[in-house]
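Engineer: Would you mind keeping the following structure in view while I ask a few things?
The values are calculated or read from the model by the stated rules, or taken from the named source; none is laboratory data. A quick note: this is a predicted structure, and the numbers were derived from the prediction, not measured. All Cβ positions, glycine included, derive from the backbone under ideal geometry; neighbour counts span all protein chains shown. Side chains included, ligands, DNA and RNA excluded: accessible areas come from the protein's heavy atoms. Shrake-Rupley method; radii C 1.70, N 1.55, O 1.52, S 1.80 Å.
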Amino acid sequence: MSNQKVVAITGASNGMGKAALELFAQQGWIVYGGARHVDNIPTGTNTHALYLDVTDDQSIVAFGQTILDEQHRIDVLINNAGYGENGPVEDTPMTHIRRQFDTNFFAAVALTQFFLPTMRAQHAGRVVNISSVGGDIYSPLGAYYHASKAALQQWSDTLDLEVEPFGIRSVVVQPGGTQSSWGSVARANIQKNLKPDTAYQSLVTFMTGVLDDDAPGMGASAQDLAQLFYRAATDVKPKRRYFNNFRDHLTVITARALPGIFRWSIKRSIDRAK
Ligand SMILES: NC(=O)c1ccc[n+]([C@@H]2O[C@H](COP(=O)([O-])OP(=O)(O)OC[C@H]3O[C@@H](n4cnc5c(N)ncnc54)[C@H](OP(=O)(O)O)[C@@H]3O)[C@@H](O)[C@H]2O)c1
């Protein structure tokens, strides 16, 4: 049997997941990437592309079972698939809110539950959960995204306590603004989620600028984040949280330690844009 390590990456058809798939493959891992646009997942000798819709329980089981049938082990699961169901709290339809949690949170739960018995039997394994600085900070029209990422973080910390005795760790990566399709998807969702008589048009104008791909703060590349995913997956002594740079880390620390100041700074930006 090969001693190559096996990693499963969700959302591997674009952005950080795709860059991570390429990096792990370069490092000699056997990589399984899952996404709905399976044709956009790169393939190679040790790189496998599988159809995966993380909102579909059967698709999750099919994805996981294929990996175990072919490799009989799983070393790292990267719960990366995610998007922003942005829009006003009042306007966003419940079906869209549920899809946000299905994709960003419940998918990670289901995939982790699927792989944990194998990881326990191996007495080794790691779950890398891709959250966001937005799991700690918040901005208007992002309520359901922020809530789903905050849930993922609390869940990961709890899971880590439960599984560490079995040689398994669960960690969180918190990217800041990174060049990918994320911003265009979030901007399109704001428009889809507005009621015709919305009361929130001024916030929409403000946030559409903030989420622009060229806005300051979208400076990291998907490859930068792939390097961070790799560290989170391989550090001998894993950290609870991984940040791409000091600014992202400082933003989270400030928002948590000084919540009043954080709220004031967001409010001031909104008021200045009026
Ligand atoms: N970019 C940022 O600024 C930023 C900042 C903080 C955190 N993040 C987080 O980082 C992660 C990666 O985002 P990204 O920036 O790389 O975004 P991206 O370029 O839009 O890629 C998102 C990936 O998620 C997959 N995905 C979405 N819904 C899915 C579903 N139902 N089933 C399976 N796969 C699904 C997409 O694949 P298919 O459409 O082919 O299914 C795609 O491969 C996400 O969790 C995101 O929330 C991003």
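Engineer: Would segment 1-77 count as rounded, prolate or oblate if I go by the C-alpha gyration tensor, calling it rounded below 1.5 in a/c and otherwise prolate when a/b exceeds b/c, oblate otherwise?
Structural biologist: oblate
Engineer: While we're looking at this one, here's another question. In terms of solvent-accessible area of protein heavy atoms at a 1.4 angstrom probe, what is the ranking of His96, His123, highest value first?
Structural biologist: Largest accessible area first, the list is His123, His96.
Engineer: Can you send over the carbon and sulfur percentage of the accessible area for the chain, probe radius 1.4 Å, protein chains only?
Structural biologist: 53
Engineer: Quick one: 3J(HN,Hα) in Hz for segment 11-21, Karplus 6.51/-1.76/1.60 with θ = phi - 60°, rounded, Gly and Pro as x.
Structural biologist: Those phi angles translate into x, 9, 8, 7, x, 5, x, 5, 5, 5, 4 Hz.
Engineer: With every protein chain in place, what's the accessible area of Phe243 (1.4 Å probe, Å², nearest 10)?
Structural biologist: 30
Engineer: Still on this model: Rounding to the nearest 10 and keeping the result within 0 to 90°, find how far the Cα-based axis of helix 246-257 lies from the longest principal axis of the chain.
Structural biologist: Computed tilt is about 70 degrees.
Engineer: Alpha carbon centre of segment 137-203 versus segment 89-118: separation in Å?
Structural biologist: If we compute the Cα centre of each part, the gap is 11 Å.
Engineer: Let me ask you something else. How high is the FRET efficiency from Ser265 to Asp235, r the C-beta distance, R0 41 Å, rounded to 0.05?
Structural biologist: Between Ser265 and Asp235 the formula returns 0.80.
Engineer: Using 1/(1 + (r/R0)^6) with R0 = 25 angstrom and r between the beta carbons of Gln191 and Lys274, what's the FRET efficiency to the nearest 0.05?
Structural biologist: 0.75
Engineer: Once you have the Cα-Cα distance between Ser181 and His249, take 0.36 nm times their residue separation minus that, and quote the gain in nm to one decimal.
Structural biologist: So the extension gain works out to 22.2 nm.
Engineer: Ok, one more. How much accessible surface does Met207 have with a 1.4 Å probe, in Å² rounded to 10?
Structural biologist: Counting only protein heavy atoms, Met207 exposes about 0 Å² to solvent.
Engineer: Something else: Using the Cβ atoms and a cut-off under 13 Å, what net charge is assigned to the surroundings of Tyr51, where Lys and Arg are +1 and Asp and Glu are -1?
Structural biologist: Residues near Tyr51 contribute -2 overall.
Engineer: Over the chain, calculate the relative contact order: mean separation of alpha carbon pairs under 8 Å at least 6 apart, over the residue count, as a percent.
Structural biologist: Answer for the chain is 19 percent.
Engineer: Determine the order of Val89, Val128 by accessible area, beginning with the largest, at a probe radius of 1.4 Å.
Structural biologist: So the residues, ranked largest to smallest area, are Val89, Val128.
Engineer: To continue, here is another question. Once you have the Cα-Cα distance between Gln223 and Thr45, take 0.36 nm times their residue separation minus that, and quote the gain in nm to one decimal.
Structural biologist: Separation in residues times 0.36 nm, less the Cα-Cα distance, equals 62.0 nm.
Engineer: Length gain on complete extension for the stretch Ala215 to Val61, per 0.36 nm per residue less the alpha carbon to alpha carbon distance?
Structural biologist: Extending this stretch completely gives an extra 51.6 nm.
Engineer: Same structure again: For a quick check: with amide H placed at 1.01 Å from N, whose amide H comes under 5 Å from Asp213's, ignoring anything fewer than 5 positions away on the same chain?
Structural biologist: none
Engineer: Once you put a point 7 Å from the Cα of Ser202 and another 7 Å from the Cα of Met94, both along the Cβ direction, what distance in nm separates them?
Structural biologist: 3.1
Engineer: Here's another thing I want to ask about it. With a 1.4 Å probe and all protein chains kept in place, how do Arg263, Arg99 rank by accessible area, largest first?
Structural biologist: Arg263, Arg99
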